[in-house]
Amino acid sequence: MALRGNLRDFTVTQLLNLINLANKTGTLLVEGPNEVARIAFRDGKLAYAQLGQEDNRLAAILHRANRLTTGQLRVIQMRASSLSDKELGLSLINANYLTQEDVLNALHAYFTDIIRRLFAWVEGTFHFENEMLPPEDRITVRLDLENLIIEGARQLREFEQLQDEIPSLDMALRFTERPGANLQKMNLSVEEWRVVSYISPRNTIQQIAAACKMNDMEIRRIIYGLLQAGLVEVVRIENVPAAVEKARAAAMPAQNKEEQKSLVNRLISRIRSI
Amino acid sequence: MQTVKMVVTGPFSAGKTEFIRSVSEIDVVSTERKITGDSERTVKQATTVAMDFGRITVDEDLVLYLFGTPGQKRFDFMWEILSEGMLGFIVMVDSTRPETFREARSILETFRAYAPTPYVVAANKQDASEAWELEDMRHALRLDSKVKLLPCVATDKNTVKNVLLELLYSILAEMETSEK
Ligand SMILES: Nc1nc2c(ncn2[C@@H]2O[C@H](COP(=O)(O)OP(=O)(O)OP(=O)(O)O)[C@@H](O)[C@H]2O)c(=O)[nH]1
Ligand SMILES: [Mg+2]
C-alpha cells in the first residue's frame, strides 16, 4: 500500500527505477526542505512535472525554451489566460507558429530539467499517489526513464554506498529480459559500452574490471548505473553445477542423490505438519 | 542422527528471532542483549548478538536447525561462519522500514556470494498498515522475477511455515534441474 520513505534511504534515481520497473501510474511527491516537487508518470513513463511554485503553464515553458518572446508571453498571459494549455498549444500549432514537435520538445526539456534538479536533493521525504495525474487540460508527455536513471546513477559518488549496492565483485552479470530495456536507445559512455561488451554469466565483475582496466570504484559505479536502469542483473557465476553440488554436499548428511531428495521430502512433510 | 541447517538472515529488527521462535520446538536459544545505542533502542529493546538457534525434529534420525544471524552490522563476521554448510537461507525484510532495504539487498548479495544454495526472501510485518506492497519491494530490493518474495508475519506460524516450505520446494527443484 504505502510507497513512502526518506530520500536518505532512497535516492531520486532509485525511485525512478522503481517506477520504471513497476510501470507505475500516479504522482510522486517529493518534499524537500524548501519546496515540493510533483512528478507524474503513466505506465512507468514520465508524463508531467511541477516544482514548487514555478510557473509550469505551457506559455511559460515555451518562453523558457525561447519559443516565445517575453512580449509574446505577456500578451498570452494578459489576453489568453483563460485558455487551457491544450487549447493554447492547439492554437499555436494551427496558426503554424509552432509544430507539435516544438511543443513536445519544450515540455520534454522542462520536465527532464526538473528531474535533474531533483537529483541534487538529499534531504526530504517522498510518497507516491497511485493513479493521481495532472488536470485534464494540461499537456502530458511519454518519456522513457532509462536515460535519466543512468544520468542520475552517474552522480552517485559515495564509495560506501556503492559498496553496499554491489558488495561482491565475484558475481556475474546478465542482461535482463525485461521488455523495453533497450540498449540501443541508451546514451551510454565509451566506458559503459566497454563494460557492456564483457557482460556474460561467465565473467565475474572482477574479471570485467580487469579486462577494462578499471579499479573497484570505477567498475562499481558503472555497474550501479546499468543495474539502476534495469539493463542488467547480478547473478552467480556460471559453471554452477559443480559449485552447487559442492555446496549441497556440504549441507547434506546423505551423499546419494536419491537419499538427498528423500531427506528434503521428509523435511517438507514435517514442516507441513507443524 | 543427521542434521541439516538453514540460515535466517536480514537487517536489524527484521523479525528473525520472532520467525524462528514461531516454529522452533525448543525455546529459541537466543543470545539477546539489551540495546545500549540510542537510535537502535527506539526501534526495540533487545537484539541478537551472536545468533539465534531453533530446532525442528523431523524423525528419529533427522533434525533441522534454524540459525538466525545477528542483524547489527558490527557482528557480520558471524555471517560467514553461520553460512557454512547451510541447505538454504531466508532473507527477512521489514516491509515497514524502507530505510533497511538497501542493507537487506547487501546482505542478500553477500550470502549469495558465500554459497550457491537456494534462498527465498520474506517480506515480514505484512500485517502492519505501513507495510510496502510486495511488488514495490521486489523492485526496491532488485529481485528478479524468479526469486521468491513471500509475504510473512513472523508471529503467524502459517506464514512462517509457508516461507520454509517454499525454500524447501526451491531446494528440491534445484536438485531436479541439476540432474538433467
Ligand atoms: N507487527 C509485526 N511485528 C513483528 C513481526 N515480526 C517481528 N515483529 C516485531 O519486530 C521486532 C523485531 O523482531 P525480532 O524478531 O527481535 O527481530 P530480529 O531480526 O531478531 O532483530 P535483531 O536480532 O536485533 O537483528 C519485535 O518487536 C517483534 O515483536 C511481524 O510479522 N509483524
Ligand atoms: Mg534477533
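Would you tell me the mean number of C-beta atoms belonging to other protein chains that fall within 10 Å of each C-beta in B:58-66, as a whole number?
Mean inter-chain Cβ contacts per residue within 10 Å come to 3.
Read phi for every residue in region A:91-101 and hand back ³J(HN,Hα) as whole Hz from Karplus 6.51 cos²θ - 1.76 cosθ + 1.60, θ = phi - 60°, with x for Gly and Pro.
Residue by residue, region A:91-101 yields 4, 5, 6, 5, 7, 6, 7, 9, 9, 4, 5 Hz.
Would you please give the residues with an amide H less than 5 Å from that of residue B:133, counting only those at least 5 places away or on a separate chain, with H modeled from the backbone geometry?
A:2
Using alpha-carbon pairs under 8 Å, 6+ residues apart, how would you state the relative contact order of region A:1-56 in percent?
Relative contact order comes out at 25 percent.
About the Cα centre of region B:73-180, how large is the charge dipole given +1 on each Lys and Arg Cβ and -1 on each Asp and Glu Cβ? Please answer in debye to the nearest 20.
100
Give the residue list of trypsin sites (Lys or Arg not before Pro) in region A:146-215 that are DSSP loop and have at most 13 other beta-carbon atoms within 10 angstrom.
A:157, A:202, A:213
Between A:69, A:122, A:7, whose Cα lies farthest towards the positive end of the dipole of region A:4-160 when Lys and Arg beta carbons carry +1 and Asp and Glu beta carbons carry -1, centred on the Cα centre?
The residue sitting farthest along the positive end of the dipole is A:69.
Give a quick list of trypsin sites (Lys or Arg not before Pro) in region A:1-44 that DSSP marks as loop, anything other than H, G, I, E or B, with at most 14 other Cβ atoms within 10 Å.
A:8
Give, rounded to the nearest 20 debye, the magnitude of the charge dipole that region A:4-160 has about its Cα centre when Lys and Arg contribute +1 at Cβ and Asp and Glu contribute -1 at Cβ. Mind showing how you got there, number by number?
On the way: 18 positive and 21 negative charges, 67 e Å.
With Lys and Arg at +1 and Asp and Glu at -1, about 320 debye.
Cα axis of helix A:257-272 to longest principal axis of chain A: angle in degrees, 0 to 90, nearest 10?
Between helix and principal axis, roughly 60 degrees.
Find me the longest stretch of chain A that has none of the exposed GluC sites (Glu not before Pro), where exposed means in a DSSP loop (not H, G, I, E or B) with at most 10 other Cβ atoms within 10 Å.
Longest run free of exposed loop sites: A:1-130.
Farthest toward the dipole's positive end in the protein assembly as shown, which of B:153, A:82, A:217, given Cβ charges of +1 (Lys, Arg) and -1 (Asp, Glu) about the Cα centre?
So the residue furthest toward the plus end is A:82.
Quick check on the protein assembly as shown: helices-only [θ] at 222 nm, where DSSP H runs of length 4 and up contribute -39,500 (n - 2.57) each and the sum goes over total residues. Nearest 500, please.
So the helix-based figure for the protein assembly as shown works out to -12500 deg cm²/dmol.
On a C-alpha basis, how far is the centre of region A:9-65 from the centre of region A:95-160 in Å? Whole number, if you could?
Taking the Cα centre of region A:95-160 as reference, the centre of region A:9-65 is 5 Å away.
Please give the contour-minus-distance gain from residue A:80 to residue A:183: 0.36 nm per residue of separation, less the Cα-Cα distance, rounded to one decimal in nm.
Taking residue A:80 through residue A:183 to full extension adds about 32.7 nm, to one decimal.
Only Lys, Arg, Asp and Glu count, each charged at its Cβ (+1, +1, -1, -1), so figure out the dipole size of the protein assembly as shown about its Cα centre, rounded to 20 debye.
It comes to approximately 360 debye.
Is there a simple number for the mean count of other chain Cβ atoms within 10 Å of the Cβ of residues in B:129-140, and what is it?
Taking all residues of B:129-140 together, the mean is 5.
Against the longest alpha carbon principal axis of chain A, how many degrees, from 0 to 90 and to the nearest 10, is the axis of helix A:12-21 turned?
80
Read-outs throughout are calculated quantities, based only on the coordinates presented, and are distinct from any laboratory measurement. Values in this document were obtained by computation on a predicted structure and should not be read as measured data. Here the Cβ is made from the backbone with ideal geometry for all residues, glycine too, and neighbour counts use every protein chain on show.
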